[in-house]
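Notes to accompany the following structure.
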Amino acid sequence: MAEDWNIIECLYALETYRIMDIKQNELHEDYVKNDLYKDMFQKMNQASGRKRTQKALEFKLQNVSAIDPRAQRLHPISAKGNYQQLLDDLYHVYMDQDGKLTKKIQIDLELLQQGQYPKYLPINRFEGELSEIGI
């Protein structure tokens, strides 16, 4: 069985979902999901030091869709339940009052990759996950 996704991997999944949401619901832009998955999974693997597959990222995005509290028609990918609790917890930290993910994910991802404490993540709530990645 594969190990649970760490905080950096989960944040990359959330950031990918946020980008898909913007392209679909704000920009009404056509895009190739596979191209976005490829780009983001490569960045995620480099940042996390793990070797997830592109398909694993797609499945995680379906988990994010299951967490998204907005109407299903607004979800940029179909939902798949049975998700990791960390993913759910992070979604609720980074969503706005309408249930959409915010750009704060990008800011915290950059800080985490520099070995710094995230700006928006409540440290006491995620202390174990942060220590797991050396923060």
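With each label modelled as a point 7 angstrom along the Cα→C-beta vector, the ASN34-TYR120 pair spans 3.2 nm.
Ranking of PHE41, PHE126, PHE59 by neighbouring Cβ atoms within 10 Å, starting from the fewest: PHE59, PHE126, PHE41.
In the chain the longest region clear of trypsin sites (Lys or Arg not before Pro) that are loop-assigned by DSSP and have at most 14 other C-beta atoms within 10 Å covers 1-50.
Checking the a/c ratio against 1.5 first, then a/b against b/c, what shape does the Cα gyration tensor give for the range 43-135? Cα axes put the range 43-135 in the oblate bin. Once you've got the GNM for the chain with C-alpha springs shorter than 10 Å, pick whichever of ALA56, ALA79, ALA71 has the biggest mean-square fluctuation. Greatest mean-square fluctuation among the candidates belongs to ALA71. Using only side-chain charges placed at the Cβ, +1 for Lys and Arg and -1 for Asp and Glu, the dipole size of the chain relative to its Cα centre rounds to 260 debye. Helical runs assigned H by DSSP (4 residues or longer) give the chain a calculated mean residue ellipticity at 222 nm of -16500 deg cm²/dmol, each run adding -39500 (n - 2.57) before division by the residue total.
Oblate is the label for the range 1-89, because a/c, from the alpha-carbon gyration tensor with a ≥ b ≥ c as root eigenvalues, is 1.5 or above and a/b does not exceed b/c. Oblate is the label for the range 88-128. Its Cα gyration tensor axes, ordered a ≥ b ≥ c, give a/c of at least 1.5 and b/c at or above a/b. In the elastic network of the chain, a GNM with C-alpha springs shorter than 10 Å, the most mobile of GLU29, GLU58, GLU110 is GLU29.
Only the coordinates and a few stated rules stand behind these numbers; no lab work does. Since this is a predicted model, take the numbers as computed values, not measurements. In this analysis, Cβ positions are derived from the backbone assuming ideal geometry, glycine residues included, and neighbour counts consider all displayed protein chains.
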